[in-house]
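Here's the structure we're looking at; comments come further down.
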Protein chains: 2
Amino acid sequence: MIIIGGTATNGIDESLSKILSIPLIKVENKIFPDGESYIRIPVSVKNEEVLLVQTTDYPQDKHLIELFLMAEAIKDLGAKKLTVIIPYLAYSRQDRRFKDGEAVSVKTILHILSEVGVDTLVIVEPHKPEELTYFDGEVKIIHPYPQIARKIKEMTNDPFILAPDRGALERAKSIAEEINAPYSYIEKERDRNTGEVRIKEAPNLSLREKDVVIVDDIISTGGTIAQASKLAYSLGAKNVIAAAVHLVLTDNAKERLKEAGVKTIIGTNTVKVDYKDIIVLDVSQSIALNL
Amino acid sequence: MIIIGGTATNGIDESLSKILSIPLIKVENKIFPDGESYIRIPVSVKNEEVLLVQTTDYPQDKHLIELFLMAEAIKDLGAKKLTVIIPYLAYSRQDRRFKDGEAVSVKTILHILSEVGVDTLVIVEPHKPEELTYFDGEVKIIHPYPQIARKIKEMTNDPFILAPDRGALERAKSIAEEINAPYSYIEKERDRNTGEVRIKEAPNLSLREKDVVIVDDIISTGGTIAQASKLAYSLGAKNVIAAAVHLVLTDNAKERLKEAGVKTIIGTNTVKVDYKDIIVLDVSQSIALNL
């Protein structure tokens with residue numbers, strides 16, 4: 001078995017190679033002057049079992065096309081089995097038609113992955129596990145909750161785990177149970193035209209003197225977490241921490257969170273992040289334990 | 001039948017709509033703050049025959065992913081037949097393994113197009129027509145030679161058509177025959193490691209007082225054409241014109257051509273070009289005639 005490190009790995013390929021004691025081969029990659037990607041597998045993969053690591057963070061489309069090229073090349077070159085580890089799956093939030101006529105983007109991406117020869121897909125914290133049924137082969141889901149929970153325990157005295165919407169409740173519950181903390185959730189609504197998010201219903205609870213940890217899968221613009229943070233303070237919170245697996249952090253998300261009183265951001269290396277002011281956990285251990 | 005204008009069309013969708021008198025619907029498209037593309041088909045395509053126009057010029061990977069999303073959405077929404085017009089097909093120069101282990105990129109792109117529901121593919125001037133056999137459905141190839149030939153005739157007195165390598169000879173011949181001009185070709189070699197191109201063998205001919213038109217499918221960095229231009233002048237050429245279908249024109253290609261004595265560049269709108277100093281022909285008429 002060999003690990004092939006793709007064009008975007010955030011070091012996860014190297015960590016996995018060490019943890020699992022499997023040799024790592026880096027894909028050969030360059031960008032032609034016109035912007036096209038060049039991909040070469042610089043080692044024989046004939047009859048090999050290959051673990052390919054490729055995340056699909058920004059620029060998502062380039063990282064996806066490179067993933068398709070690498071996967072098909074590995075299979076064409078005779079690999080016996082191809083497992084692709086995608087720490088962050090792009091397009092996972094467009095998982096159904098919110099309006100008539102919309103592309104179900106994650107369906108198309110997973111459909112393509114089925115067709116370019118991927119046998120097993122390993123995804124860290126998918127936005128909705130159900131969406132992975134669009135992939136034809138075997139799927140393994142990695143939840144890095146224990147790591148995140150340990151870090152939260154280490155950083156708080158009296159934690160309260162808060163999900164910023166109903167969709168994040170299971171995540172909040174898993175983390176809360178790891179550290180025996182109370183938890184609850186907020187109801188939010190998103191306007192599909194403007195993208196604006198507002199709180200529909202807040203839980204009837206006191207957060208007095210609590211270290212409130214707002215837990216989500218992705219922090220993108222930070223809008224949802226910022227609103228939840230303000231609500232938490234209005235309910236008496238002492239501190240607010242934001243914890244998420246995928247720190248996409250677009251625009252001025254960091255500033256938005258800071259302004260809303262978020263004291264610390266905890267996340268992982270599934271997407272490329274600027275480590276400044278952020279606690280970044282390496283998900284490789286969680287992946288290795290569940291392969 | 002309807003035409004759907006994709007996210008990258010260079011006006012070809014609008015021209016086709018007028019020439020063919022078929023209604024044009026523009027796809028709804030935006031970019032999310034994190035960089036992902038949003039695609040929506042804003043009209044019912046149920047039981048319709050759809051002509052989708054999408055070129056795959058820079059940024060190629062975004063335009064390709066958007067193409068995959070649009071194609072699958074159109075088919076999922078019930079279209080009876082999907083014809084995709086790709087004026088410029090990205091990745092077409094990586095059509096085989098020049099070195100062991102390389103991705104055959106155009107194979108993967110065409111394979112994916114087969115899988116996302118494309119029934120017929122219309123490609124303008126593919127780099128190698130044979131590569132289109134990687135697509136499972138029907139293929140139509142558009143050669144905009146007559147248009148280019150007419151423009152050359154209009155601009156020259158005593159034209160000589162020169163192919164800058166053996167691969168471009170058929171193109172040069174087609175154009176030369178349209179206007180009863182003489183033609184020949186140069187042998188070149190490309191170093192697959194450095195990408196450098198050099199002339200291996202020049203034709204034994206005099207170009208004295210000729211208007212030499214160097215004809216190729218793509219002008220990318222301009223290196224090949226620049227070398228051919230210098231050779232043409234050394235063989236007595238009066239003027240050199242460069243004519244190609246796809247004006248990718250990376251880096252400082254325009255300056256490189258100018259320095260090599262190229263007086264005029266003729267091309268088409270299959271890729272987005274800066275019209276300054278370039279004669280750009282609209283390929284829509286050629287496409288419409290061959291649909």
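The values are calculated or read from the model by the stated rules, or taken from the named source; none is laboratory data. Keep in mind the model is a prediction, meaning the values are calculated, not measured. Ideal geometry is used to build each Cβ from the backbone, glycine not excepted, and the neighbour counts take in all protein chains shown. Note: accessible area is taken over every heavy atom of the protein model, side chains too, but ligands, DNA and RNA are not part of it. Shrake-Rupley method; radii C 1.70, N 1.55, O 1.52, S 1.80 Å.
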Odd one out for A:Gly223, checked against (1) at pLDDT below 95; (2) within 23 Å of A:Leu52 (Cα to Cα); (3) touching a strand residue (DSSP E or B) at 6+ places or on another chain (Cβ under 8 Å): (2)
In the range A:206-240, how many residues are of a type in the set (A, V, I, L, M, F, W, C) and outside any strand (DSSP E or B)? 8
Could you pull out the residue among A:Glu48, A:Glu36 that is free of Cβ contacts under 8 Å to residues at least 60 places away in the same chain and touching a Phe, Trp or Tyr at 6+ places or on another chain (Cβ under 7 Å)? A:Glu36
Count - residues of the range A:255-291 that are open to solvent by less than 50 Å² (accessible area, probe 1.4 Å) and free of Cβ contacts under 8 Å to residues at least 60 places away in the same chain: 9
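This table checks each residue for (1) among the basic types (Lys, Arg); (2) crowded, with 17+ Cβ neighbours inside 10 Å; (3) touching a Pro at 6+ places or on another chain (Cβ under 7 Å).
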site: A:His143; (1), (2), (3): no, yes, no
site: A:Gln147; (1), (2), (3): no, yes, no
site: A:Ile152; (1), (2), (3): no, yes, yes
site: A:Gly167; (1), (2), (3): no, no, no
site: A:Lys173; (1), (2), (3): yes, yes, no
site: A:Asn180; (1), (2), (3): no, no, no
site: A:Glu187; (1), (2), (3): no, no, no
site: A:Asn193; (1), (2), (3): no, no, no
site: A:Gly222; (1), (2), (3): no, yes, no
What residue, among those in the range B:85-128 that are among the charged types (D, E, K, R), touching a residue at least 24 places away in the same chain (Cβ under 8 Å) and in contact with a strand residue (DSSP E or B) (Cβ under 6 Å, 6 or more places away or on another chain), is surrounded by the fewest Cβ atoms within 10 Å (Cβ to Cβ)? B:Asp119
Quick check, is A:Val245 touching a strand residue (DSSP E or B) at 6+ places or on another chain (Cβ under 9 Å), closer than 30 Å to A:Glu138 by Cα, assigned to a loop (DSSP other than H, G, I, E, B) and not aromatic (Phe, Trp, Tyr)? no
